[in-house]
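A.B. asks: Quick one: the structure is below, questions incoming.
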Amino acid sequence: MSEQLARWTQATVYPDMWTDPDDDPRDQGVGPDGELATLQDFLTGYRLTLRMKCEGLDAEQLARRSVPPSTMSLLGLVRHLVEVERDWRNWISDGDPLPKLYGKRDADFDGAVAEQAVVDAAYVDLEREQAATDAALAEHPDLGERVGKDGIAIRELMVHRIDEYARHCGHADLLRECIDGRVGQ
């Protein structure tokens, strides 16, 4: 990248934030009660953050590998999280694992090409896989319950989900800033 992008934000209250507090869909006011509700609230917040980081970009921008030499793109992150959501269901299942949707190793990133149909499909896939994983986990409200072939605790899986989304939201911060200069939490 040869030109220096100007950093910018839509926020007017706190210039280092993504959006103003009154416009932030992640802030619901009062925090949740209980451990499960808190874990679900954090996961929802990170899921929304990833979507916010992708908003307003076209297919080329979403597919752009903007932080070389990394092969990551925002679209690649969305597709990667599709695969991860699917894989988490494998963790809690005793049956045969679900196959990958996009192919073997790194196909989620490699196949993230600048085509609107690929972008649209990735968002449909993400919504479907998130809903399926949420539904599978709703059958196990006891966070201490151990499930799947490896006996993973539901609590551990929930924390891992939050960790995965949080880490990739950090990647999305850098990718987005290098695409159009937009900054924020």
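A.B. asks: Relative contact order, percent, of the chain when contacts are C-alpha pairs under 8 Å separated by at least 6 residues? Provide the component values of the computation, followed by the final result.
C.D. replies: Values: 223 pairs, mean separation 61.8, N = 185.
Rounded, it is 33 percent for the chain.
A.B. asks: Evaluate 2.2 N^0.38 Å with N set to the residue count of the range 1-89, then give the Cα radius of gyration divided by it. Write out the running numbers ahead of the final one.
C.D. replies: Values: Rg = 16.1 Å, N = 89, 2.2 N^0.38 = 12.1 Å.
So the range 1-89 has a normalised radius of gyration of 1.33.
A.B. asks: If you don't mind, there's one more thing I want to ask. Using the membrane-span-like helix rule (whole DSSP H runs, Cα extent along the own axis of at least 27 Å, mean Kyte-Doolittle hydropathy at least 0.0), which helices of the chain qualify?
C.D. replies: TM-like helix candidates: 35-54, 116-138.
A.B. asks: Now a separate question. For V113 and D163 in the same chain, what is the full-extension length gain: residue separation times 0.36 nm, less their Cα-Cα distance, in nm? Intermediate values should be presented prior to the final figure.
C.D. replies: Working: separation 50, 0.36 × 50 = 18.00 nm, distance 2.63 nm.
Answer, rounded to one decimal: 15.4 nm.
A.B. asks: Out of these labelled values of Cα Rg over 2.2 N^0.38 Å, (i) 1.20; (ii) 1.09; (iii) 2.13, which was calculated from the coordinates shown here?
C.D. replies: (ii)
A.B. asks: Roughly to the nearest percent, how much of the accessible area of the range 115-168 is carbon and sulfur, given a 1.4 Å probe?
C.D. replies: About 53 percent, which is the carbon plus sulfur part of the accessible surface.
A.B. asks: Once all Cα-Cα distances of the range 12-53 are split into 5 Å bins that start at 0, what whole-number percent is in each one?
C.D. replies: Values per bin, smallest distances first: 5, 21, 26, 23, 16, 7, 2.
A.B. asks: Running a GNM on the chain with Cα contacts under 10 Å, which residue among T133, T44, T12 ends up with the highest mean-square fluctuation?
C.D. replies: T12
A.B. asks: Can I ask one more? Give me the percent relative contact order of the range 1-108, please, defined on Cα pairs under 8 angstrom at least 6 residues apart. Mind showing how you got there, number by number?
C.D. replies: Working: 59 pairs, mean separation 13.0, N = 108.
Relative contact order comes out at 12 percent.
A.B. asks: I'd like the carbon and sulfur percentage of the solvent accessible area for the range 1-91, probe radius 1.4 Å, heavy atoms only, ligands and nucleic acids excluded.
C.D. replies: Numbers: 2680 of 5160 Å².
The value for the range 1-91 is 52 percent carbon and sulfur by accessible area.
A.B. asks: Please give the per residue accessible area of the chain, computed with a probe of 1.4 Å over protein heavy atoms only, in Å².
C.D. replies: Values: 10070 Å² over 185 residues.
It amounts to 54 Å² per residue over the chain.
A.B. asks: Report the full-extension gain for the segment R51 to D87: residue separation times 0.36 nm, less the Cα-Cα distance, to one decimal in nm.
C.D. replies: 10.9 nm
A.B. asks: Among P69, G95, C54, pick out the residue whose Cα is farthest towards the positive end of the charge dipole of the chain, where Lys and Arg carry +1 and Asp and Glu carry -1 on C-beta, about the Cα centre.
C.D. replies: P69
The values are calculated or read from the model by the stated rules, or taken from the named source; none is laboratory data. These numbers were taken from a predicted model, which means no experiment stands behind them. Positions of Cβ are backbone-derived with ideal geometry, glycine not excepted, and every protein chain shown enters the neighbour counts. Surface accessibility is based on the protein's heavy atoms, side chains included, excluding ligands, DNA and RNA. Shrake-Rupley method; radii C 1.70, N 1.55, O 1.52, S 1.80 Å.
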